[in-house]
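First comes the structure, then the notes that go with it.
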Amino acid sequence: MRKSWPISIDMPNLLELQMQLRRAVLGGDTAALAAAVRCDGLDPAARLRIYRNHAFATLGAVLERTFPVVCRLVDKHFFAYAAHEYLREHPPHSGCLVEYGADFADFLAGFEPCLDLPYLADVARFEWALNVAATVREAAPLPIEALAAVPPERAAGLALRLQPSVSYFASGWPIDRIWQANQQSEVPTVDLARGGARIEIRRAGDAVDWRRLDPGTFAFRTALAGGLVLAAAAATAAAEDPTFDVAAALDRVFGEGLAVGFYFVDQRCANLGSTKIG
Amino acid sequence: MTKPPPLSNCNAGIGLRFPHVAEIAATRPHLGFLEVHAENYMAETAALDRLLELRSDYPVSIHGVALSLGSAEELDRIHLDRLKDLIERVEPVLVSEHLAWSAIGGAYLNDLLPLPYTEESLEVFCRRVGDAQETLGRLLLIENPSSYLRFRHSTIPEAEFLTETARRTGCGILCDVNNIYVSAENFGFDPIAYLDALPGDVIGEIHLAGYHPAEDVGILIDDHGSRVAQPVWELYAQALRRFGAVPTLIEWDTNLPALEILLDEARHAQELADFHRYAEFA
């Protein structure tokens with residue numbers, strides 16, 4: 001026989017109660033929920049604060065682990081404040097917390113107290129790309145010989161699939177030098193006037209690798225990563241660097257194990273779909 | 001792929017934490033099993049590769065912390081599918097989750113939040129456990145939480161809520177002895193009566209951990225940041241008498257010490273379990 005317990009009345013149903021507890025944790029608004037919490041010798045608001053403090057402390061620590069240089073640039077206390085403001089508006093969607101913080105850089109870009117550090121959001125973008133590369137496995141590279149199967153009349157519509165871990169990142173600031181300087185205990189001066197950087201970031205075995213690229217190579221690879229066909233990517237690179245050598249650049253893309261597949265984009269309806277063969 | 005070893009008579013294990021992985025891989029300490037938090041291995045990280053290497057030498061237990069089985073909303077299918085993928089790769093000996101909820105309205109709050117123990121919650125919770133077990137194709141162990149608040153409209157004692165969940169869904173119970181002690185101190189109930197109210201035949205695992213007293217509010221916080229406290233060892237001995245020697249885990253998540261300290265705690269748990277076995281046969 002099924003057991004039964006007394007039925008409670010005049011209390012929020014489960015969904016209402018959980019939405020109220022969410023507001024208490026993220027927003028500190030405990031008024032609605034306090035009436036549903038037993039005192040047991042302590043103010044319900046103080047009990048709710050235990051959960052609120054735990055959420056902010058642990059999720060703040062997650063952001064600090066993912067964005068250590070941002071944290072160092074603004075100092076720990078300010079970082080905790082920024083993380084707090086971010087968390088309220090952008091709580092994680094899942095418990096896989098290594099994936100939390102995708103839009104932290106965008107948040108910092110618009111966060112008024114940070115506006116005197118104009119490179120901060122780009123440092124966050126760089127650290128996010130490092131984090132993504134650390135959580136995505138390298139796929140088997142495609143040998144360049146695979147392109148021999150491409151019929152010449154289809155070459156114009158050829159597009160490459162690159163390593164899923166790779167990202168391309170340009171900034172008007174020397175983000176890589178700022179990042180590197182902040183790996184040391186005594187931070188050396190970084191000359192911001194020396195200009196920006198075009199950076200490739202990818203997984204390399206267990207580690208994450210990044211390096212600067214020249215403008216032509218950067219434009220070429222960024223275009224390929226964005227799904228442009230080879231001819232269009234070559235034109236983009238040539239616009240950056242008139243001496244750009246497409247054949248040599250393509251050799252390097254394959255030689256570095258960056259290409260993992262290819263497909264054809266129908267030039268007449270490039271936005272409508274593609275035929276995947278590799 | 002090599003099959004993981006089964007759980008043996010050595011039934012004390014430790015939570016595998018990133019800073020200890022290299023030392024465990026190099027020294028292969030004698031342990032009953034390793035337990036990992038599912039969510040730390042859902043991305044394709046180097047840590048996952050290390051776990052997949054260790055699983056050929058150690059039974060692995062997967063402990064989920066974010067499935068949010070107690071949410072009023074449907075389960076997060078993406079999260080559940082990722083858990084299923086991980087289970088297929090790791091082939092764990094145990095898979096566990098919590099009597100708690102963590103996410104609502106698309107926000108994951110990174111805590112094991114308390115449920116009101118009502119008929120409504122019981123129905124919701126059992127439905128979610130059933131859904132998860134069906135998708136995963138295996139039974140879960142459900143862990144009793146530690147808590148810092150109780151809802152006025154709760155009508156079902158927690159141990160009964162768990163027992164009824166096990167009866168309706170077929171799930172097992174992960175008995176966290178530290179959680180019982182922490183909640184008992186926080187709310188003034190008898191921890192031994194709680195143990196006695198659990199059905200002994202479905203206890204699949206025991207958790208042990210440290211707590212710390214938050215003196216300003218007079219509450220024990222289950223922070224997994226210190227050695228197991230003496231009264232919790234005593235309650236563990238009681239649990240052994242009640243449930244027999246089941247796989248027992250030393251959990252340590254904050255203020256992580258040297259591996260040797262965790263191994264020492266696991267040895268102590270093993271000694272108590274061995275003593276219990278000896279006493280049973282004597």
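Put a dot 7 Å past each Cα toward the Cβ at A:Val246 and A:Ala140; how far apart are the dots in nm?
3.0
Once the other residues with Cβ under 9 Å from the Cβ of B:Phe187 are scored (Lys, Arg +1; Asp, Glu -1), what is the net sum? Provide the component values of the computation, followed by the final result.
Details: positive: A:Arg38, B:Arg150; negative: A:Asp40, B:Glu185.
So the surrounding residues net to 0.
When chain B is modelled as a GNM with alpha-carbon springs shorter than 10 Å, which of B:Gly106, B:Gly32, B:Gly15 fluctuates the most?
B:Gly106
Ordered by packing density, taken as the mean number of other Cβ atoms within 10 Å over each peptide's residues, highest first, how do A:154-163, B:179-188 rank?
Numbers: A:154-163: 18.1, B:179-188: 21.5.
Going from most to least packed, we get B:179-188, A:154-163.
With +1 on the Cβ of every Lys and Arg and -1 on the Cβ of every Asp and Glu, and nothing else charged, how large is the dipole of the protein assembly as shown about its Cα centre, in debye rounded to the nearest 20?
Details: 48 positive and 76 negative charges, 175 e Å.
Computed about the Cα centre, the dipole is about 840 debye.
For B:Lys84 and A:Glu89, FRET efficiency with R0 = 25 Å and r from the beta-carbon atoms, rounded to 0.05?
0.20
Mind giving me the FRET efficiency for A:Asp103 and A:Ala149? R0 is 35 Å, r the Cβ-Cβ distance, nearest 0.05 is fine. The partial results should precede the final answer.
Numbers: r = 41 Å, r/R0 = 1.16.
Once the sixth-power term is evaluated, E becomes 0.30.
If I build a Gaussian network model for chain B, linking alpha-carbon pairs within less than 10 angstrom, which residue out of B:Val21, B:Val246, B:Val202 has the largest mean-square fluctuation?
Of B:Val21, B:Val246, B:Val202, the most mobile in the Gaussian network model is B:Val21.
If the viscosity is 1.306 mPa s and the temperature 10 °C, what Stokes-Einstein diffusion coefficient in µm²/s follows for the protein assembly as shown when Rh is the Kirkwood radius over Cα pairs?
Answer from the Stokes-Einstein relation: 60 µm²/s.
Just A:Leu258, A:Leu17, A:Leu59 to compare: in a GNM of chain A, with alpha carbon springs under 10 Å, which one fluctuates most?
Evaluated over chain A, the most mobile residue of the options is A:Leu17.
Enter the mean number of other protein chain beta carbons within 10 Å of the beta carbon of each residue in B:37-44, as an integer. Let's see the in-between values first.
Numbers: counts 1, 2, 6, 4, 2, 7, 10, 8.
Across B:37-44, the average partner-chain Cβ count within 10 Å equals 5.
No lab work stands behind these numbers, since they all come straight from the coordinates. All figures in this text were calculated on a predicted structure; none of them were measured in a lab. As a convention, Cβ positions derive from the backbone with ideal geometry for all residues, glycine included, and neighbour counts pool all protein chains shown.
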